[in-house]
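First comes the structure, then the notes that go with it.
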Amino acid sequence: SATAPPPRTALVVADPAMPALDLPTGKRTLPQLPGAAREGVAVARWFGTVPLTGAAATKAAVRARLGSAEVVHLATHGYAYASDARAR
């Protein structure tokens, strides 16, 4: 059986610099994820693109590329809401 060709455009974000989070228990900066940068480089290579990593992986850079990406791969921490009020 035939397999589909890989997507033409991919956005790969790996191990971005994490901002300090204001949590009820105080400010906390999430540590780097072991292997996340290596994962991002491998995935980006497979898609023929350059990953956004470290300080280059800003919210603005991700948003600028998001609209044209057929595939998005995130190798990072996730944090949905900074406060309970935003979760409602």
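Values quoted throughout were computed directly from the atomic coordinates according to the rules given, and no laboratory measurement underlies them. Predicted model, so just to flag it, every value in this text is computed and none were measured. With ideal geometry, Cβ positions are generated from the backbone for all residues, glycine too; neighbour counts draw on all protein chains shown.
Other residues lying with their Cβ under 15 Å from the Cβ of residue 46 contribute a combined charge of +1, Lys and Arg counting +1, Asp and Glu -1. What the phi angles of the range 27-38 give under the Karplus curve with 6.51, -1.76 and 1.60, with θ = phi - 60°, is a coupling list of 6, 8, 9, 6, x, 5, 8, x, x, 5, 5, 4 Hz, glycine and proline written as x. So what's the net charge close to residue 33: Lys and Arg +1, Asp and Glu -1, counting the other residues with Cβ under 11 Å from its Cβ? Spelling it out: positives minus negatives among the neighbours equals -1. Computed with the Debye formula from one identical point scatterer per Cα of the range 1-71, without solvent, the log10 of I(q)/I(0) at q = 0.18, 0.19 Å⁻¹ comes to -0.76, -0.82.
Once the C-beta distance of residue 70 and residue 33 is scaled by a Förster radius of 30 Å, the resulting FRET efficiency is 0.75 to the nearest 0.05.
Counting Lys +1, Arg +1, Asp -1, Glu -1, what net charge surrounds residue 74 among other residues with beta carbon under 11 Å of its beta carbon? Net of charged neighbours comes to -2. 3J(HN,Hα) along the range 62-77: 5, 4, 5, 9, 4, x, 9, 8, 7, 9, 10, 10, 10, 10, 7, 5 Hz, from the Karplus curve 6.51 cos²θ - 1.76 cosθ + 1.60 with θ = phi - 60°, whole Hz, x for Gly and Pro.
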